[in-house]
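The values are calculated or read from the model by the stated rules, or taken from the named source; none is laboratory data. Quick caveat: nothing in here was measured; it's all calculated off a predicted structure. Don't worry about glycine lacking a Cβ; one is built from the backbone with ideal geometry, like all the others, and counts go over all protein chains shown. To get the accessible areas, we keep the full protein, side chains included, count just its heavy atoms, and leave off ligands, DNA and RNA. Shrake-Rupley method; radii C 1.70, N 1.55, O 1.52, S 1.80 Å.
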Amino acid sequence: MNKFSESLKNRKNEGRLPIIVDFKCVSPGVGRLIDEHDAHYLAQMIEDAGAPAISVVTEPNDFGGSIRLLKDIRRLVDIPILRKDFIRDTKEIDRSIDAGADSVLLMCSVMSEEEMKICYEYAVEKGIEPFVETHNLEEIALAKNLGAKLVGINNRNILKLEKDGGTVDTTASLLDSGNGDNRKEDLFGKDVFLVSESGILSADDAKKAVSCGADAVLIGTAIWKASYPIEFYRELTNI
Ligand SMILES: O=C(O)c1ccccc1NCC(=O)[C@H](O)[C@H](O)COP(=O)(O)O
């Protein structure tokens, strides 16, 4: 049932870094990253290169995405897909299911605790895996209260539309207890699969995320800005 996280866990159990490749046509901070038509064959190439999962940003105004893009990619690849958008209600969860997503982004920064609970429980009931996104300690506490098992730390404040220059140091500082211990389990609870998202630019950044306690990383811009995106993806997986 949790096809999305299972695929990432299997990759981790093979001793390899699970990377979620983020299909974001436009970065509000950097500009166009992918032409929508190229996204189709790029998704197939990323699947052929062995990606365990991808995310598709469907938000149209700032990120150049669409539900149609998600549906098109769904028809072309078998790997699990996370829908990334500013989802605020159960109707959007139904739309995600209808488009073929396996997982749906629920952002603590855009919903109240009550709204998060409603959307989380609805997603679980409908069989689409909730991916709970956090950015600070307060949001992490909310994710823990929900009992979320698949959690992201977005290194950026996404409400600033990628103009706040977040880096992997956000993940590092949140997980650092200050006395040399890693506090992942204290913060998130047991058996949480943790993804460090955004602003990961290099193999060293990805290694840092893992050494801090992340189980996987989610990368968009650095892959799509690389001269040879598929080769760069392969390099990153071999760290
Ligand atoms: O991440 C979100 O919360 C989000 C929600 C709605 C639309 C877009 C959103 N984020 C954009 C991304 O998904 C980033 O592209 C992703 O975190 C990758 O970051 P980067 O590697 O720095 O491009």
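For the reader, a short list of remarks on this structure follows.
- When segment 48-65 is limited to residues that are open to solvent by 40 Å² or more (accessible area, probe 1.4 Å) and without any contact (Cβ under 8 Å) to a residue 40 or more places away in the chain, the one that is farthest from the ligand (Cβ to nearest atom) turns out to be 48.
- Residue in segment 223-231 that is buried (at least 19 other Cβ atoms within 10 Å of the Cβ) and in contact with a Phe, Trp or Tyr (Cβ under 9 Å, 6 or more places away or on another chain) present: yes
- Residue that is nearest to the chain's Cα centre (by Cα), among those in segment 213-229 that are more than 9 Å from the ligand (Cβ to nearest atom) and closer than 21 Å to residue 133 by Cβ: 216
- Applying a threshold of 9 Å to beta carbon distances and a minimum spacing of six or more residues, or different chains, the list of pairs starting in segment 191-211 at a residue that is on the phi < 0 side of the Ramachandran plot and open to solvent by 10 Å² or more (accessible area, probe 1.4 Å) and ending at one that is of a type in the set (S, T, N, Q) and within 10 Å of the ligand (Cβ to nearest atom) reads 201/167; 201/221; 205/167; 205/196; 208/196; 210/196.
- The condition of being touching a Gly at 6+ places or on another chain (Cβ under 8 Å) and under 27 Å from residue 37 (Cβ atoms) holds for only one of 161, 82, 76, that being 161.
- Every condition in (1) modelled with pLDDT under 95; (2) under 22 Å from residue 112 (Cα atoms); (3) open to solvent by less than 30 Å² (accessible area, probe 1.4 Å) is met by residue 160 except one, and the failing one is (3).
- Counting only residues that are closer than 17 Å to residue 9 by Cα and within 16 Å of the ligand (Cβ to nearest atom), segment 179-206 holds 5 of them.
- Hey, residue 144 at pLDDT 95 or above and either charged (D, E, K, R) or over 16 Å from the mean Cα position of the chain (by Cα) (or both) or not: yes
- Residues in segment 1-47 that are without any contact (Cβ under 8 Å) to a residue 40 or more places away in the chain and in a loop (DSSP other than H, G, I, E, B): 14, 15, 35.
- Selection status of residue 176, of a type in the set (D, E, K, R), over 24 Å from residue 13 (Cα atoms) and open to solvent by 30 Å² or more (accessible area, probe 1.4 Å): yes
- Residue count for segment 69-91, restricted to those that are under 23 Å from residue 157 (Cβ atoms) and out of contact with any strand residue (DSSP E or B) (no Cβ under 8 Å at 6 or more places or on another chain): 2
- If you check 139, 133, 92, 185 for being over 21 Å from residue 60 (Cβ atoms) and either in contact with a Cys (Cβ under 7 Å, 6 or more places away or on another chain) or modelled with pLDDT of 95 or more (or both), only one passes: 139.
- In segment 164-239, counting only helices (runs of 4 or more DSSP H) that sit wholly within it, the ones holding 1 or more residues that are farther than 18 Å from residue 140 by Cα span 203-212, 221-225, 229-237.
- Condition met for residue 152 (open to solvent by less than 80 Å² (accessible area, probe 1.4 Å) and within 11 Å of the ligand (Cβ to nearest atom)): yes
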